[in-house]
Amino acid sequence: MKNYFKFNLAGKTVFPVWIIFMVLFLIPYGVLQYKIQGIKGPASDPQETMNRLKGMFELYGVMAFLILVEYGFFFFFIKLALEGIEFKEKSLKFAGKFGQYLLVLIPGFLLTIITIGIYSPWYLAGLYNFFAKKTSHNDDNFEFKGQGGELFLITLFTVILPMIFVFFVIMVFAFVAGFKGAAGNPTPTPLITFYAILIVSLVIILMTPYLYYSYKWKVDFKVKNYSIRWETSFWSSVGKIAVEVLLSLITIGIYAPLATLKLYKFFSERTIANSPSKTLQFGYDIEPKDDFVFIWKEILLTVVTLGIYYPWAACNVVDLIIGKTYLKEIEAE
């Protein structure tokens, strides 16, 4: 028997927070990006260069503050979303306080900047653990089991080292192209295009394992006597991710909503809640055509209204997905 989730959050509830978010983050961030672009360009003398560097440093300082403001707003959005989820006529409860959240957010944010991003895996683990521990269903609190060290190794081996390899490939191409140009034999345009496609393809191929391992790291919770994790195989999962990402790129993003839903269905059906006495499996009843059209309708309404409609769009899309997500008991193998 399938037990379906419900999502009870309405757009009008999110709207006041969204408007404040637009005023305090989205609009200032857009203005900031415009100013940063205005500073770029060749300088006429060393003094102007120094002034530009100073201006860039100040603007990036403001950007860091705005990003911190953005993360601060995440607390309210996540709180509203969590409390809107219902299962078996019991809604999730979130007991976290904004002050408690800031004690996790600000030190982690500063350490991430100071360590040039190295601390970010532990920072993310702390944030996930905060929200998990403050969330409960039927008085049973969640616990996030992922460790920052695990995510660091995932990032190191699936992002940093592969990106170093891609950078090496780009440098080799640039050296060969420069050598040919100096010899009076410029690289043909079709060959340049081929190299560009090759580099982009390398990035996509190398990033796919990161998507798999990082999301598997995120789905690692304990609640009551249940352990919730993905039970997936690497190659089938990476193949599925690669196909959906490729189709999204080929269609210039048009296919992306359906790709996301298909990936959600694929991985939700491989998300298992194990306990000593029973095993539960998640799932999603996808309706490809109807779901695809519905999501694009919400996206277009958001674009047409310059983002004003976004709270309703987000709630409607989440309601669509959560409302067709279920949990059922299966026989343990």
Counting other beta carbons within 10 Å of each residue's own, what order do 159, 317 fall into, fewest first? 159, 317
Along the Cα→Cβ direction, 7 angstrom out, place labels at residue 60 and residue 308. What is the inter-label distance in nm? 3.8 nm
Longest to shortest principal axis, alpha-carbon extents of the stretch 1-138, angstrom: 73, 33, 30
Please give the Cα centre distance for the stretch 57-101 versus the stretch 113-165, rounded to the nearest Å. 16 Å
Entries in 6/145; 79/324; 93/222 that, when Cα-Cα distance is taken, lie over 23 Å: 6/145
The stretch 55-114: which chymotrypsin sites (Phe, Trp or Tyr not before Pro) are DSSP loop and have at most 13 other beta-carbon atoms within 10 angstrom? none
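For a Förster distance of 25 Å, can you work out the FRET efficiency between the beta-carbons of residue 88 and residue 15, rounded to the nearest 0.05?
Values: r = 29 Å, r/R0 = 1.16.
Computed FRET efficiency for residue 88 and residue 15: 0.30.
How long are the three semi-axes of the equivalent ellipsoid for the chain, computed from the Cα gyration tensor as the root of 5 times each eigenvalue, in whole Å, largest first?
Values: eigenvalues 299, 149, 98 Å².
Working through the eigenvalues yields semi-axes of 39, 27, 22 Å.
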When the chain is treated as a GNM, springs tying every alpha-carbon pair under 10 Å, which of 306, 280, 92 comes out with the largest mean-square fluctuation? 306
Taking the Cβ of each residue in 208, 135 as the centre, tally the other Cβ atoms inside 10 Å and list the residues starting with the fewest. 208, 135
If you plug each phi of the stretch 276-283 into the Karplus form 6.51 cos²θ - 1.76 cosθ + 1.60 with θ = phi - 60°, what whole-Hz ³J(HN,Hα) values come out, in order, with x for Gly and Pro? x, 9, 7, 10, 10, 10, 7, x
Where the Cα atoms of the stretch 226-333 are projected onto their three principal axes, how long is each span, largest first, in whole Å? 51, 29, 20
Helix-only mean residue ellipticity at 222 nm for the chain, each DSSP H run of n ≥ 4 adding -39500 (n - 2.57), per residue, nearest 500: -21500 deg cm²/dmol
Span-like helix ranges in the chain, DSSP H, alpha carbon extent 30 angstrom or more, Kyte mean at least 1.0: 161-182, 189-218
So for the pair residue 287, residue 330, with labels modelled 7 Å out along Cα→Cβ, what separation do we get in nm? 2.5 nm
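For the chain, what's the relative contact order in percent, using C-alpha pairs closer than 8 Å and at least 6 residues apart?
Values: 369 pairs, mean separation 68.0, N = 333.
Contact order relative to length: 20 percent.
Each value in this text was obtained by applying a stated rule to the coordinates, not by laboratory testing. All of these numbers come straight from a predicted model, not from anything done at the bench. Cβ atoms come from the backbone with ideal geometry, glycine included; neighbour counts cover every protein chain shown.
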